[in-house]
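Report on the following structure.
The values are calculated or read from the model by the stated rules, or taken from the named source; none is laboratory data. Because the structure is a prediction, the values reported are computed rather than measured. For neighbour counting, all protein chains shown are included, and Cβ atoms are generated from backbone atoms with ideal geometry for every residue, glycine included.
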Amino acid sequence: MRLGKPWTAVDDANLKLATNSGVETREICKIMGRSKDSINSRRRKLKIRAQRRRQPREEMIMVWIQRDVVLAFQKRAAAAGVHRVEYVRRILVKVLEDGLYDDAS
């Protein structure tokens, strides 16, 4: 006995695309309006492997560094009383004027 709405070919294609793109199961549930059990059951029937995609450690470190740099710029811009984009522009102008940037690469 089936209680939920039937699966269509479009639903199957969307499920396969989302799974292969690394979208988390709970996000797929929200998007498709189906339960986690329903999603997992359909994956098993279609033989779609749900696999976690972890970022390599180096990529995660770069993400953390970028986040910290952005937060630092936001704090310094707020302390200087200017918008963060203007603050970054000022730093870039100073770097170029002082010759700290070498375009030889």
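Put simply, of G81, G99, G22, G33 the only residue that is at positive phi, over 23 Å from the mean Cα position of the chain (by Cα) and modelled with pLDDT of 75 or more is G81. A search for C-beta distances below 6 Å between a residue of the range 91-103 that is within 16 Å of A80 (Cβ to Cβ) and any residue that is in a helix (DSSP H, G or I) and at pLDDT below 75, counting only pairs 6+ apart in sequence or on different chains, returns nothing.
Residues are listed down the side, and each one gets a yes or a no for (1) modelled with pLDDT under 85; (2) surrounded by 10 or more Cβ atoms within 10 Å (Cβ to Cβ):
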site: A9; (1), (2): no, no
site: D12; (1), (2): no, yes
site: S38; (1), (2): no, yes
site: K47; (1), (2): no, no
site: K75; (1), (2): yes, yes
